[in-house]
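The values are calculated or read from the model by the stated rules, or taken from the named source; none is laboratory data. Every value quoted in this text rests on a predicted model; they were computed, and no experiment measured them. Quick reminder, even Gly has a Cβ in these numbers, built from the backbone with ideal geometry, and neighbours come from all protein chains shown. We work out accessible area using only protein heavy atoms, side chains counted, and drop any ligands, DNA or RNA first. Shrake-Rupley method; radii C 1.70, N 1.55, O 1.52, S 1.80 Å.
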Amino acid sequence: ELNPKYTEAVLNLAIVLADRGEYEAARAAYERLRSGHSGTMSDPFVRGRIANQHADLATSYIDAGCLPEAITELQRAIDLCPDFPDLHTRLATLYREQGNHALAREHLSCAVATNPRYAPAHVLMGLTMMSLGAPDRAVAAFRAALNVDPGNKAAKMHLRRIEENRNTRGSRRMPAVR
């Protein structure tokens, strides 16, 4: 289900509907987005656009290898739109790259709380839980991703790896000495 506060997604929906010839539905989506927008920072449309600009700037910083600046821009985007799960997930990815799995987990928890149907957050949460040494929690996160997206290849692959590791360790155990 589309988050009506996610400005770019609603705009893209309007474009797709127009491309498909569904002009009235496209107009309705756009009007739904624009209704009640005041053009100030309290306006969710304005906040969403600016948050996405911060996210775009973060991408430029990432491309330039400037991770601290990218983190700052993503945090600014989240400050404007804390209910955008993709922003939390992107920030969590950067924290993971820096080895800060605890902060990554916090942002992934926010992403999942904001949109429990956002499979990428569940997958990244699973990887983060593995990094934190919590394989059971990782399995739960990967299964949550599969509940949302049954065809998610990453979640399937990581679950399979965990199961293989458990089976390998189980077969290497020595019998108990009596």
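Of note:
- Check on residue 128, among the β-branched types (Val, Ile, Thr) and open to solvent by 30 Å² or more (accessible area, probe 1.4 Å): no
- For beta carbons closer than 6 Å, sequence separation of 6+ or different chains, a first residue in the stretch 103-127 that is without any contact (Cβ under 8 Å) to a residue 60 or more places away in the chain and within 12 Å of residue 144 (Cβ to Cβ) and a second that is open to solvent by 20 Å² or more (accessible area, probe 1.4 Å) and hydrophobic (A, V, I, L, M, F, W, C), the qualifying pairs are 108/124; 108/125; 119/148; 121/112; 122/144; 123/154.
- Residue check for residue 129: farther than 30 Å from residue 47 by Cα and assigned to a helix (DSSP H, G or I): yes
- The one condition in (1) assigned to a helix (DSSP H, G or I); (2) under 11 Å from the mean Cα position of the chain (by Cα); (3) of a type in the set (Lys, Arg); (4) surrounded by fewer than 20 Cβ atoms within 10 Å (Cβ to Cβ) that residue 117 fails to fulfil: (1)
- Verdict on residue 128 being of a type outside the set (Lys, Arg), closer than 22 Å to residue 157 by Cα and in contact with a Lys or Arg (Cβ under 9 Å, 6 or more places away or on another chain): yes
- Meets criteria (in a helix (DSSP H, G or I) and under 25 Å from residue 48 (Cα atoms)) for residue 144: no
- Consider the stretch 62-97 and keep the residues that are surrounded by fewer than 21 Cβ atoms within 10 Å (Cβ to Cβ) and among the polar types (S, T, N, Q). The one that is farthest from residue 44 (Cα to Cα) is 93.
- Each residue in the stretch 1-55 was checked for being among the polar types (S, T, N, Q), modelled with pLDDT under 80 and not in a loop (DSSP other than H, G, I, E, B), and 2 of them qualify.
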